[in-house]
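Peer 1: Dropping a structure here in structure tokens format, bear with me for questions.
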Amino acid sequence: MVGSSTGRAGLRLAAVAFVCAGLAGCASSSYDDDDSYAGNGTQAGPRPIASGVLQCVPYARDHSEVKLWGDAYTWWDKAQGRYGRSHQPKEGAVLVLYNYAGPARGHVAVVRDVVDARDIRIDHANWLDDGAIYTNDPVRDVSPSNDWSQVRIFNQRAGTWGVHIYPVQGFIGPGTGDDPALSDVPVAAAPRKNDAIAALLANDDLGPGTN
């Protein structure tokens, strides 16, 4: 009976781990005080971290003008009065995802490029709970009103769009205070970028993905 109970407990733990793995993003900034990582984040595609786990918070802070600390889900409120906040993307701004698996589940990423009114590219860490850095990662606004309140994120490991829709709290910075450059004017359409990832998005019907 002891062995059977232990086995059931193990199965429950495995099930929980599986569910958690399916929900990407940074639950917290447990490694926020770890300043041992130094990199320029310019590589294309994922880069595993050799030791420890690089969380999204220190990566976003080190690769943007937004110098905030603490869990990702606290960044939006902490930015008030210190950095410009917007509901439209801008290069160099920090994208804030929130409340997609409970109120303490958040993720921050740096906007690398604004492709058009519905598409941006981001650089971020630990999106797939693997401690890796993902650069030039496509993000698609799928909100009905094109207000960037809901997005899908491309899974570079699988080479397909993720299946989950993530709520967006907004974009922080660059700049401080009520920066007029961060007004909620819709982003003007621009030509699609011609790169390796763009080729993967040629048939971007947002079909079934893996994340």
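Peer 1: Could you pull out every residue, at least 5 positions away or on a different chain, whose amide H is within less than 5 Å of the one on Thr160? Hs are placed 1.01 Å off N in the peptide plane, and Pro or chain starts have none.
Peer 2: Under 5 Å from the amide H of Thr160 lie the amide H atoms of Asn155, each far enough along the sequence or on another chain.
Peer 1: Collect residues whose amide H, placed 1.01 Å from N in the peptide plane, falls under 5 Å from the amide H of Ile122; neighbours closer than 5 in sequence don't count.
Peer 2: Counting only residues 5 or more places away or on other chains, the set is Arg112, Asn136, Asp137, Val139.
Peer 1: Then there is this: Please give me the summed charge of the neighbours of Ala101: other residues whose Cβ is under 15 Å from its Cβ, Lys and Arg +1, Asp and Glu -1.
Peer 2: After counting each charged neighbour, the total is -1.
Peer 1: Report ³J(HN,Hα) in whole Hz for each residue of the range 59-70, in order, from the Karplus equation J = 6.51 cos²θ - 1.76 cosθ + 1.60 where θ = phi - 60°; Gly and Pro get x.
Peer 2: Along the range 59-70, the couplings run 5, 4, 5, 6, 10, 8, 8, 8, 9, 10, 10, x Hz.
Read the figures in this text as sums done on the coordinates, not as results from a lab. Quick caveat, the model's predicted, so the values are computed rather than measured. Quick reminder, even Gly has a Cβ in these numbers, built from the backbone with ideal geometry, and neighbours come from all protein chains shown.
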